[in-house]
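Down below is the structure, laid out as structure tokens.
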Amino acid sequence: MIRILLLLLLFHILIQLTLAGQTVLYPGDVAVLGLASNVGGDQGNCTSGGQFQGRDRISFISFKEIATGTIIDFTDNGWERINPGLWGNTEGFIRATRTGTSIPAGTVITFEFPPTQTGHLAITPDANWEFLLLGTNALNFNDSGDQLYVMQGGMWNNGTTIGCCNGEQDATYTGGRILFGFNSRSEWNAGVDDSQNSGLHPDVTPCFSMAPTNGVTNFTSYTGPFSMATQLEWIARIGNPDNWSAFDDCEQYQDPPSEILIAASGMQLDCQICNSCSPFADTLLVQLPLTGGPFMVDYTDGTDTFLLADAENLQEIPVFIAQLTNFDLVRVTDINGCPIYSNFENGTSLEVNAEPITLNCRVLSDPPNGMVEIGINSGQSPFTLSWTDEQGLMGIEILDGMGNHVLEGLQNGGNYQLEITDAGGCVGNCSFHLAGDDCSDVNLHAIIVTRPGADCNSPSIDLEIIAINGGSAPYSLEHPLTGQLTPITEFPLLFSGISSGITSLGIQDANGCRQEVEVPFIAIEPGPSPSLSLGPDVAITVGQSTVLRGQASFDPIAVSWQPATGLSDPRSLITAASPLETTLYILTATHAYGCSVSDTILVEVSPEYSAFVPSAFSPNNDGVNDLLTIFPGPEIAEIRAFKVFDRWGNLVFDAPAGGISEVRGWDGNLQNGQSASAGVYLFFAELVDQNGQAEFLQGGVSLLR
């Protein structure tokens with residue numbers, strides 16, 4: 001036994017080393033289209049008698065291309081044959097590996113499994129597969145009905161076996177995905193200790209499984225329709241028993257066609273602006289099917305995954321980015337709770353061209369040889385400079401690299417407008433004034449007061465202009481921080497956070513006469529440090545929200561929360577938080593002087609509401625489990641909706657809204673009064689807690705007769 005386990009472990013490691021090259025499949029990416037049990041004739045043929053009597057033919061399709069090296073697992077061991085959460089272990093488990101070229105999506109793949117442990121065949125589209133038996137017995141369908149599971153990515157452990165054909169029915173399949181379940185009987189039955197029965201695995205309930213017959217048949221296949229359809233539409237078709245046919249024997253059995261036509265899903269993300277200077281806001285459009293909604297959409301930015309509930313086609317998602325970000329769909333779930341993980345058309349990329357251009361302009365001399373120093377502090381080189389004066393003259397120059405550049409040869413006095421465009425298309429502007437010949441007798445004087453400022457980490461000053469005399473009002477000045485020419489509309493005029501090293505300030509009058517005035521020197525000390533507080537940690541129940549309030553001792557110029565997941569506005573001091581799990585949030589606020597302070601708060605999320613819906617009920621009037629009922633916890637105040645659907649989406653029960661004691665359960669009867677057939681049904685419930693918050697509950701339930 002130890003030797004067998006070591007061999008299985010070694011094989012699993014080798015498989016993992018080649019996993020990167022194979023096609024990764026998810027539930028709903030594979031579907032069975034046909035089964036012919038105990039075929040005769042030659043290998044690959046279906047005729048009466050013959051030396052190969054007892055072979056089973058399985059036909060299936062993949063909605064993804066099957067790449068070389070792809071591994072797919074098959075077993076006819078029953079799920080929960082005896083033990084909950086475990087597989088049977090006295091039947092077969094086959095691992096098939098694609099050795100040929102890639103198989104296009106929609107191609108029908110047919111295998112034949114013998115009643116022995118060797119001789120497995122790939123029939124269509126070619127024979128280029130390798131088969132490895134990992135179970136203790138052959139994978140072989142029984143005459144009285146059987147089940148087949150298609151899986152991928154897991155490690156099979158046979159559990160406790162006794163010889164070839166007996167065991168404790170305690171096999172496991174860990175680390176993988178259950179892709180599809182097929183049953184040649186009409187019902188899935190767990191806990192029946194025989195090789196003809198199996199429970200239905202929860203990973204394929206209720207969407208990705210099929211029991212197409214009204215009884216037991218050895219020969220059954222999907223017989224239409226075959227027109228082109230999306231993956232979602234094909235899953236609905238294959239899941240409908242009316243689209244299947246049963247045959248009396250192998251000669252009458254109808255093989256599925258060589259391929260099915262898969263239409264584009266139409267599910268994708270589109271951006272509107274797509275590229276701009278950092279940071280920028282954009283709106284994503286979610287392309288979804290016109291029917292089957294509303295949908296639950298999971299999407300990612302490459303770092304975090306987000307949930308968009310009740311989404312319809314062309315739903316809008318506002319986003320804000322500061323770097324190259326790729327958005328992709330992860331999963332789309334329809335109204336019946338059936339998720340799709342693949343075959344999305346494409347994601348979208350939001351590209352940041354460059355940082356915004358920051359620049360300043362400083363006049364060095366006036367005409368007739370006017371010169372201006374242009375300081376470019378950010379952007380992508382080369383830069384295109386264009387300027388215009390009041391007389392309509394224009395000029396264009398190309399500048400290489402950031403730093404200071406001198407524009408010279410300006411001949412006219414007056415106001416100038418200057419624009420810089422970088423290689424990424426980002427634009428920066430500044431304005432300046434050159435004095436003409438009529439300013440020779442103008443003397444401008446300014447009354448300026450300086451005093452200590454309140455900077456974060458280094459000394460700064462507040463600069464206040466009390467009055468300007470001389471020349472002609474109104475006046476303008478060169479902003480002490482940006483160098484931009486700024487009109488003065490009233491006195492006094494205050495500037496805060498100015499470098500203590502400033503010694504002069506440029507001012508001009510209404511006629512464009514410009515002069516430098518002296519700024520008084522002042523020895524200053526650093527001001528008080530800014531503070532930020534989020535208060536004590538909070539606790540909520542999953543699905544609820546809480547308001548986080550940042551208290552700052554200053555007016556921040558920028559605010560950011562990390563992580564942004566679950567926040568209504570990650571750029572505001574006050575935001576609503578609705579995390580799905582316990583999260584430590586960090587708030588950072590930036591002072592106008594450039595420094596930042598941070599604080600943290602823990603939002604502890606309690607488990608979900610204690611509402612329970614049984615997984616099965618038996619409406620046979622024996623007084624036990626006759627009604628399908630919601631059992632809510634004490635925090636639930638109202639059941640706003642309780643609906644039950646059959647597996648094709650038909651509404652079979654709709655309870656009126658009301659209090660906990662007012663909403664009745666489903667008695668297993670259809671709306672026309674007839675008894676509903678045994679099988680799996682879907683339920684949907686909307687619950688309201690004591691705080692008025694809504695909670696949604698959905699799942700599957702088995703009706704037993």
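Some points to look at:
- When the range 608-658 is limited to residues that are within 30 Å of the chain's Cα centre (by Cα) and charged (D, E, K, R), the one that is farthest from residue 241 (Cα to Cα) turns out to be 608.
- Residue in the range 277-330 that is most open to solvent (accessible area, probe 1.4 Å), counting only those that are at positive phi and not hydrophobic (A, V, I, L, M, F, W, C): 310
- Segments classed as strands (runs of 3 or more DSSP E), wholly inside the range 543-600, with at least 2 members that are surrounded by fewer than 18 Cβ atoms within 10 Å (Cβ to Cβ) and modelled with pLDDT of 90 or more: 558-562, 583-590
- Within the range 200-216, one or more residues are over 27 Å from residue 262 (Cα atoms), of a type in the set (A, V, I, L, M, F, W, C) and open to solvent by 40 Å² or more (accessible area, probe 1.4 Å).
- Checking each residue of the range 221-234 against the condition of being closer than 25 Å to residue 335 by Cβ, β-branched (Val, Ile, Thr) and surrounded by fewer than 22 Cβ atoms within 10 Å (Cβ to Cβ) gives at least one match.
- Residues in the range 378-395 that are in contact with a strand residue (DSSP E or B) (Cβ under 6 Å, 6 or more places away or on another chain) and part of a loop (DSSP other than H, G, I, E, B) were compared, and the one that is least open to solvent (accessible area, probe 1.4 Å) is 382.
- Hits in the range 471-504 - residues which are at pLDDT 80 or above and either of a type in the set (A, V, I, L, M) or out of contact with any strand residue (DSSP E or B) (no Cβ under 7 Å at 6 or more places or on another chain) (or both): 473, 477, 485, 488, 489, 490, 493, 494
- Selected residue [free of Cβ contacts under 8 Å to residues at least 40 places away in the same chain, more than 23 Å from residue 27 (Cβ to Cβ) and open to solvent by 20 Å² or more (accessible area, probe 1.4 Å)] from 136, 118, 161: 118
- Among the residues of the range 339-356, those that are open to solvent by less than 50 Å² (accessible area, probe 1.4 Å), modelled with pLDDT under 80, farther than 14 Å from residue 322 by Cβ and touching a strand residue (DSSP E or B) at 6+ places or on another chain (Cβ under 6 Å) comprise 347, 348.
Results for (1) farther than 21 Å from residue 313 by Cβ; (2) in contact with a strand residue (DSSP E or B) (Cβ under 9 Å, 6 or more places away or on another chain); (3) in a strand (DSSP E or B), shown as yes or no for each residue.
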position: 237; (1), (2), (3): yes, yes, no
position: 245; (1), (2), (3): yes, yes, yes
position: 250; (1), (2), (3): yes, yes, no
position: 265; (1), (2), (3): no, yes, no
position: 272; (1), (2), (3): no, yes, no
position: 285; (1), (2), (3): no, yes, yes
position: 297; (1), (2), (3): no, yes, yes
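- Every condition in (1) under 29 Å from residue 541 (Cβ atoms); (2) open to solvent by 40 Å² or more (accessible area, probe 1.4 Å) holds for residue 642 except the one numbered (2).
- The test for being modelled with pLDDT under 80, under 20 Å from residue 203 (Cβ atoms) and open to solvent by 40 Å² or more (accessible area, probe 1.4 Å) does not hold for residue 5.
The values are calculated or read from the model by the stated rules, or taken from the named source; none is laboratory data. The structure presented is a predicted model; accordingly, all values stated were derived computationally and were not measured. Neighbour counts are summed over all protein chains in view; Cβ atoms, including those assigned to glycine, are modelled from backbone coordinates with ideal geometry. The protein model used for the area step is the full one, side chains on, heavy atoms only, and it has no ligands, DNA or RNA in it. Shrake-Rupley method; radii C 1.70, N 1.55, O 1.52, S 1.80 Å.
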